[in-house]
1. Could you look through segment 448-480, keep only residues that are of a type in the set (Gly, Ala, Ser) and within 30 Å of Gly241 (Cα to Cα), and pick out the one that is modelled with the lowest pLDDT?
2. Got a number for residues in segment 476-508 being under 18 Å from Asp39 (Cβ atoms) and among the charged types (D, E, K, R)?
3. Is there a residue in segment 541-558 that is under 30 Å from Ala99 (Cα atoms), part of a helix (DSSP H, G or I) and not hydrophobic (A, V, I, L, M, F, W, C)?
4. So if I check each of Thr514, Thr505, which one is among the hydroxyl-bearing types (Ser, Thr, Tyr), closer than 30 Å to Asp76 by Cα and in a helix (DSSP H, G or I)?
5. Here is a check on your reading of the model: is Ala99 at pLDDT 90 or above, of a type in the set (A, V, I, L, M, F, W, C) and open to solvent by less than 10 Å² (accessible area, probe 1.4 Å)?
6. In segment 517-539, what residues are of a type outside the set (D, E, K, R), part of a loop (DSSP other than H, G, I, E, B) and open to solvent by 80 Å² or more (accessible area, probe 1.4 Å)?
7. As an exercise: evaluate Gln59 against (1) touching a Leu at 6+ places or on another chain (Cβ under 9 Å); (2) open to solvent by less than 30 Å² (accessible area, probe 1.4 Å) and give the number of the one condition it does not meet.
8. If Val168 satisfies every condition in (1) in contact with a Cys (Cβ under 9 Å, 6 or more places away or on another chain); (2) assigned to a helix (DSSP H, G or I); (3) closer than 20 Å to Ile253 by Cα but one, which is the exception?
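The values are calculated or read from the model by the stated rules, or taken from the named source; none is laboratory data. The structure displayed is predicted, hence computed values, not measured ones. Every residue, glycine as well, gets a Cβ built from its backbone with ideal geometry; the counts of neighbours run over all protein chains shown. Quick note on the areas: whole protein, heavy atoms, side chains included, nothing else; ligands and nucleic acids left out. Shrake-Rupley method; radii C 1.70, N 1.55, O 1.52, S 1.80 Å.
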Amino acid sequence: MDFTLAYKRMFSATLTDEQQRHVAKSVTNLLSLYKHISDSYIIEFFSENLWESLPLSWQEPLNQLSPPQIADLLLDKSVTNRGYPSVWPLSLLAFRASAHALAYPRVPPDQGSIHPGIKPEEFHSNQSQSSLLGHIFRKHVKPKKQHEIRRLGMMVTNLCQQTNCDDVVDVGSGQGHLTRFLSFGLGLSVTAIEADANLVSMAKKFDGQLRSTLEKERLRKTDANHLPQVVSGPSPHHVVGWVNPKASWEDFIEQLNSRDDESEWPVSAGGLCKKRQWISMSASDHQPDSKGQCLRSAECDSPSCAEGSRARALSLHQVTDCPGPILEDLQAHDCSSDSAPAADVKHTQTPLVKRPCRSSPVVCSGQSASCLFNSTLSDSTAGPGDEERMGRGFVLTGLHACGDLSATLLRHFVSCPRVQGITSVACCYMKITTKENPSPPGVLAPPPTAQSADALTPSDFGYPMSEWVRGLPGHQLSYKAREGACHAVEDYVHRLREESELLKTHCYRAVLETVIRASRPDVRRAGIQTIKKAHTLPFAEYARLGLPRVGLPADLPLDQARVDTMLQQQGRVVTYFSLVLLLAPVVETLVLLDRMLFLQEQGIPSQLVPLFDPAFSPRNLVLVAVKQGLTQGVKDAC
């Protein structure tokens, strides 16, 4: 394999079609070579003797590393002046260099560098309140989400301007934080769809609170020139519904037209798995790694510029740190591909209602966002004037849409003539369906149909989506590899540099695994779930709390000498887990590159943009694309 620094230069700008295919091929080669690392479970470090699975030439130099050295010499690719305590074999150096070169850059263009453990500058004056977001949009919103909705909202709004759309569909909208910012702050007509009726109820409640706050502020202002410059037009339209990956785009549009109280699925009292996927609490032979969740997978929390919109909302948020050019290269994209677009449709942009004046500081409109989808779906039933109505487009967005949901949105984007642009921020890659794993643990499948698993087609799975990746030898990604791609590398680097006590938790769980298997050989990778403040406990207390969770007595006798011997190897556990983490961004790159290649095969150019601070929001890569014919004159999407 020829892994060179050329990849870094390639990733610094938009990749050509050929470069995308070449990088995908190189990534699959690398992951195939080190599959035994990316597919390993750290809780099996002792029970499967993972340290001995490493090349002998690696074991000695890695065994000498302190946690801060692991951060500098393995994980942090920004470190250039590395001091090695011993000579490293070329194979280990090549492994690290290849992983760094083939992982898509995660630092936003306007950020310059990553500062693990330090919040973005907008939170320096107040750790919980973004100085760049108006106070009415910060209520009920955690700092991380404030950071995300502001930056993504700016991108979505400018994408709307470029595609001549005022309408947005926010899929997996949760409590509606992004929806409210797009609607009340940026003047867009927004339809939000969320599977959990409880979250939709909260979103409507928060919408009402925001409107009430605005009205009170208006009544307190006697000078019209000092009224809050916010949109007073249509409120967001909320829809309760589960977006079925197997459904057509016509079904999706019909779903968006449904009344607020309609839902395809009953919602359990416990709600859903954070972002949009239904959780099955039944036992599974294939359990998630370690704690069973992503390391700091906070993006799975229930979620939630055109010049005129920007002017209208300046009193509530400051748009000052737009993260560089996003789509400037799309207009130069060569669309003379052998693959034809998914649909030969007219992208008429005439709205159903007259656009509000962009220069007006306050926009008043009685038009409901739901009216966007009331035009006829079928050409055969179109009446006079309906052809123009059907051309009204919208932008699709999903902030940390879980599992197959992100892939589903991309397929709707390609096939649906209404969708003119998309911004897709993915998460929970382990919940993506594959041919090898069509029903990932933790995801409740749709109602059974007559179609058997053997009869499923490639388009039924979330990965791979592209023909190119599907044809590459070794492209398969295991559940564990995809789960690893959800880990927060920057957060772990911070722990290593601080030599945090939290580092001992993986060793604790790996030791407990040996204790469990000694008594119950049939139990493997049991879901212990998080034990609060485990790093502050002696191992005996940790075991006392964990053993009953797998049906073993809390006072099970321990072989203390053996336990102590394993606990002394904590450094090796941390080092091995760091090797796994080194490959995590490479796996994520392959998943997202596959989606870009899928769009490329449909004749649609796209870009992958690091939008959020990765130390603050680990899943920070945004896939952004617009349909052909809509990129002329596009210079900037942020």
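1. Going through the qualifying residues, I end up with Ala450.
2. 3
3. There is no residue in segment 541-558 that is under 30 Å from Ala99 (Cα atoms), part of a helix (DSSP H, G or I) and not hydrophobic (A, V, I, L, M, F, W, C).
4. When all the criteria are applied, what remains is Thr505.
5. It is true that Ala99 is at pLDDT 90 or above, of a type in the set (A, V, I, L, M, F, W, C) and open to solvent by less than 10 Å² (accessible area, probe 1.4 Å).
6. Residues satisfying the conditions are Pro521, Gln529, Thr530, Pro538.
7. All conditions are met except number (1).
8. (2)
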